[in-house]
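Step one of this worksheet: look at the structure below.
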Amino acid sequence: MLLALCGALVHYFNSIAPGVIDSDRRLKEAANALMAHVVIKDGQVAIDASTDGKPSLPAPDSIKYALRDSQGRLLAGDPQMPVVAMNSETSQLLAMSQIDHRSLRTLTTRFDTRAGVIFITVADARPAIEPAARFGFMSTLLWDFVQLDVTLVLVWVGIQLGLRPVKRLRDEIADRSPLDLRPIVESSVPREIAPVVVTLNRLFTMLRTAVQSQQQFIANTAHQLRTPITGMQAQLDLVIAEPAAQPIRARLLTLQEGIRQLAHSANQLLSLARADPAANITAKNLSVDLNAIVGEVVAKLFDRALRANIDLGVEATPVSIHADPSLLDDLLSNLVDNALKYTPAGGSVTASAGLHNGKPFLAVEDTGPGIPENERQRVRQRFYRMPNSPGHGSGLGLAIVDEIAHLYGASVIIEAGAKEAGTRVVVLFP
């Protein structure tokens, strides 16, 4: 826009300049011609219209003139011509003057004669060139802005068309799951952004390699931890059964409980590591029947509930989601484990699955002491246990549940159980 305006101004001045130069030349010629016709007789100044070897007088329809003395008195010519004040050091003066309601360019020239100083003022009476120049200026400016608008529209359309492949690439990446690290097809993008796609694919490859290494580490760690702990538990069970160990049975039982806690904490730490989103980038989700998961977890913990005199029950209707079965097993096992840990003897724990407002859910309800409303967010933090919590624990159960739920876009709702007693934890899947 600035360049268009500058160009129009240059065009305007270029249109005016030749006319102004020509007008100044004609005014000087007219002033000289008039001076050649000035005669002084008996101290009086007059214009001699004869052309005896003199330049012809300017045509009255194109040049107006006036002769004045040093006092400004009109000696000859048009009385409408303005009196122009000039100092003694100026011989010629160009100006714009209002004559007969028109703005005309004038030239006042100072001449020294025998009768004294004479001022000859001439004005170019031809039609002014400024209106035509202004019209040309506005026309040029209007056309430049029309061209500018059309150019901007064409540029905008061209950019939109040119950015289509970039937008498709953006949409493809935006629509991907965070767990999808498949390489982008390089042939589907313009060569200008192909280096970006190559770099992204290299990054995806590095990330897949890192994830696979992490998964391998988790698997190796699980094996290295579980094998010796299981062996220790088996050996300790055999020692406790020996008659010679009866005098220290109480101590051995304490040791046995400690090893069980160690095994449980190790399993929870591994579950937390498996629930990390980075560790599940390459996970393959399957269609999982939540009813079957509930049955398996309850069957696995039924003997423990029986020993603790807790009624462990199931309320489930068939419903399926796409997920990693082992992670769903970890999620529900931690919920039921927490419920059994805090429910007193004679209480009940119910694991359920089904649909709520069209959304699949897993839930565990107990008749334990419950979780105060102001603690329901804090219990989701890692290694946090409520004050005066019974037994031993690592504070990882609900943190694992929250991590796995977040992995599948599910929400974890902690609320009071039936009749405002106990706790009900619901995992609502999208």
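The values are calculated or read from the model by the stated rules, or taken from the named source; none is laboratory data. Source: prediction; values computed, not measured. In this analysis, Cβ positions are derived from the backbone assuming ideal geometry, glycine residues included, and neighbour counts consider all displayed protein chains. The accessibility values were calculated without ligands, DNA or RNA, using every heavy atom of the protein model including side chains. Shrake-Rupley method; radii C 1.70, N 1.55, O 1.52, S 1.80 Å.
Details
- Taking all protein chains together and rolling a 1.4 Å probe, residue 408 ends up with roughly 40 Å² accessible.
- For segment 165-267, the share of accessible area belonging to carbon and sulfur comes to 63 percent (1.4 Å probe, ligands and nucleic acids excluded).
- Candidate aspartates and glutamates - alpha carbon under 12 Å from residue 359, same-chain residues fewer than 8 apart omitted: none
- Accessible surface, the chain, averaged per residue in Å² (probe 1.4 Å): 58
- Among 322, 101, 356, 264, the order of accessible area from largest down is 101, 322, 356, 264, computed with a 1.4 Å probe on protein heavy atoms.
- Approximate spin-label separation residue 61-residue 9, in nm, with each point projected 7 Å along Cα-to-Cβ: 3.9
- Remark: spin-label model distance residue 299-residue 345 equals 2.9 nm, labels positioned 7 Å along the Cα→Cβ axis.
- Positive minus negative residues near residue 188 (Lys, Arg vs Asp, Glu; Cβ under 14 Å): +2
- Correct choice for percent of Cα pairs over 36 Å apart that was computed from the model, options (1) 61; (2) 31; (3) 24: (1)
- Two-decimal Rg to Rh for segment 135-206 - Kirkwood Rh, Cα set: 1.34
- A cut-off under 13 angstrom between Cβ atoms defines the neighbours of residue 386, and their net charge, with Lys, Arg +1 and Asp, Glu -1, is +3.
- Partners of residue 341 within straight-line reach, counting aspartates and glutamates whose Cα lies under 17 Å from its Cα and excluding those fewer than 8 residues away in the same chain: 257, 303, 311, 330, 365, 366.
- Candidate membrane-span-like segments in the chain, meaning DSSP H helices with Cα atoms spread over at least 15 Å of their own axis and a Kyte-Doolittle mean of -1.0 or above, are 2-36, 130-162, 194-241, 249-275, 290-307, 325-342, 397-407, with no membrane implied.
- Counted by Cβ distance under 14 Å from residue 202, the other residues give a net charge of +1, where Lys and Arg count +1 and Asp and Glu count -1.
- Computed magnitude of the charge dipole of the chain (debye, nearest 20; Cβ of K, R +1, Cβ of D, E -1): 560
- Cα→Cβ-extended label distance, 7 Å offset, between residue 50 and residue 388, nm: 13.8
- Sparse-neighbourhood loop sites, trypsin sites (Lys or Arg not before Pro) in segment 85-134 - DSSP loop, at most 10 other Cβ within 10 angstrom: 114
- Taking every protein chain into account, the 1.4 Å probe leaves residue 149 with about 90 Å² of accessible area, to the nearest ten.
- For residue 242, solvent-accessible area (1.4 Å; no DNA, RNA or ligand), Å²: 100
- Candidate residues 41, 300, 359: accessible-area rank, largest first, probe 1.4 Å: 41, 300, 359
- Fluctuation leader among 187, 352, 62 - the chain, Gaussian network, Cα springs under 10 angstrom: 62
- Figure note: 176, 182, 26 ranked by solvent-accessible area, largest first, 1.4 Å probe, ligands and nucleic acids not counted: 182, 26, 176.
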